[in-house]
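To start, the structure under review is shown below, and the notes come after it.
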Amino acid sequence: MIKKKNSYLMIWVIVSFIIVFVVIKYISPYIFMVLLAKGHSMPTPSTLIIWYMILAVLGGLIFVSTSSVRWENFLSFVLPAGDDSTKKILQITIIVAFPLLVGWFVYSGTAPGTASPVELRIQHPTLPQKFENIKNPYTHVDEEAKRRCIEEGKIMYQQNCRPCHGSKADGNGPFANSFRLRPINFTDPGTIATVIENYAFWRIKEGGPGLPGVSTPWDSAMPAWKDALNDEQIWKIIMGEYKTAGVVPRQTETLEH
């Protein structure tokens, strides 16, 4: 019985490799999701998987080579099976599976596919020149008129922008999960709080189709509102948008002489 068990040492080593791969690739993401209290799985980077598998192979080779008896038992699996039908089936399986596995890895590494480009995407491209000198006509009105503009803008924001950007301007609108690139979270201080009102006017008016090439390939799903809203409505929406998000636009810098 001991001799028969030892003759399958190569199979046990191969099975251990498969178990290591399954644990790293498919089980550990959910383990770390629980440990880190995340709402989604934490995929293991492919580079890390390769390193772990290299370590597993090295560990297996060290294990079977620690004694001459164990090494002989490991290599004995490639000898003729004789009357052992189970061993013969396993040998045929390995002979067929090995080239198929190698072919699959080669195909996976050479087959064309989609991948993020190596260059960085510019999230906030340069404001086009024709939008540089425009002014919000409601900036210098009296406080009561400004308050009415903000309230009107908040209503129009809910009517036109809420489905994507959310009622709280946090990017969690009812349609948010439908997009590959989620709508912007305006409450994040790194978004509209970092741009001037002119910039927000341009983005609303021209939308995703108006983005320059440097902002591809993850083009925004933002529609161009220039055919649905006039300039006055867009300015009011901007005012209501900032108020809803609880942030203020960046002020234009002036050069001191």
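The values are calculated or read from the model by the stated rules, or taken from the named source; none is laboratory data. All figures in this text were calculated on a predicted structure; none of them were measured in a lab. Don't worry about glycine lacking a Cβ; one is built from the backbone with ideal geometry, like all the others, and counts go over all protein chains shown.
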(message) Yes or no: the stretch 141-163 includes at least one residue that is at pLDDT below 90 and over 27 Å from P183 (Cα atoms).
(response) no
(message) I'm trying to understand the selection: among the residues of the stretch 77-104, which are over 17 Å from F17 (Cα atoms), small (G, A, S) and out of contact with any helix residue (DSSP H, G or I) (no Cβ under 8 Å at 6 or more places or on another chain)?
(response) G82, S85, G103
(request) Mind checking which helices (runs of 4 or more DSSP H) fall wholly inside the stretch 1-85 and carry at least 2 residues that are free of Cβ contacts under 8 Å to residues at least 12 places away in the same chain and closer than 23 Å to S108 by Cβ? (result) 9-22, 46-64
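Condition check ((1) out of contact with any Leu (no Cβ under 7 Å at 6 or more places or on another chain); (2) outside the structural domain of S28 (by TED's automatic domain parsing); (3) surrounded by 10 or more Cβ atoms within 10 Å (Cβ to Cβ); (4) among the aliphatic types (A, V, I, L, M)) across all residues:
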position: P45; (1), (2), (3), (4): yes, no, no, no
position: L48; (1), (2), (3), (4): yes, no, yes, yes
position: L55; (1), (2), (3), (4): yes, no, yes, yes
position: F63; (1), (2), (3), (4): yes, no, yes, no
position: I89; (1), (2), (3), (4): yes, yes, yes, yes
position: F98; (1), (2), (3), (4): yes, yes, yes, no
position: V102; (1), (2), (3), (4): yes, yes, yes, yes
position: S108; (1), (2), (3), (4): yes, yes, no, no
(request) Return the residue satisfying two criteria in turn: it lies in the stretch 178-206 and is within 19 Å of N136 (Cα to Cα) and hydroxyl-bearing (S, T, Y), and of such residues it is surrounded by the fewest Cβ atoms within 10 Å (Cβ to Cβ). (result) T194
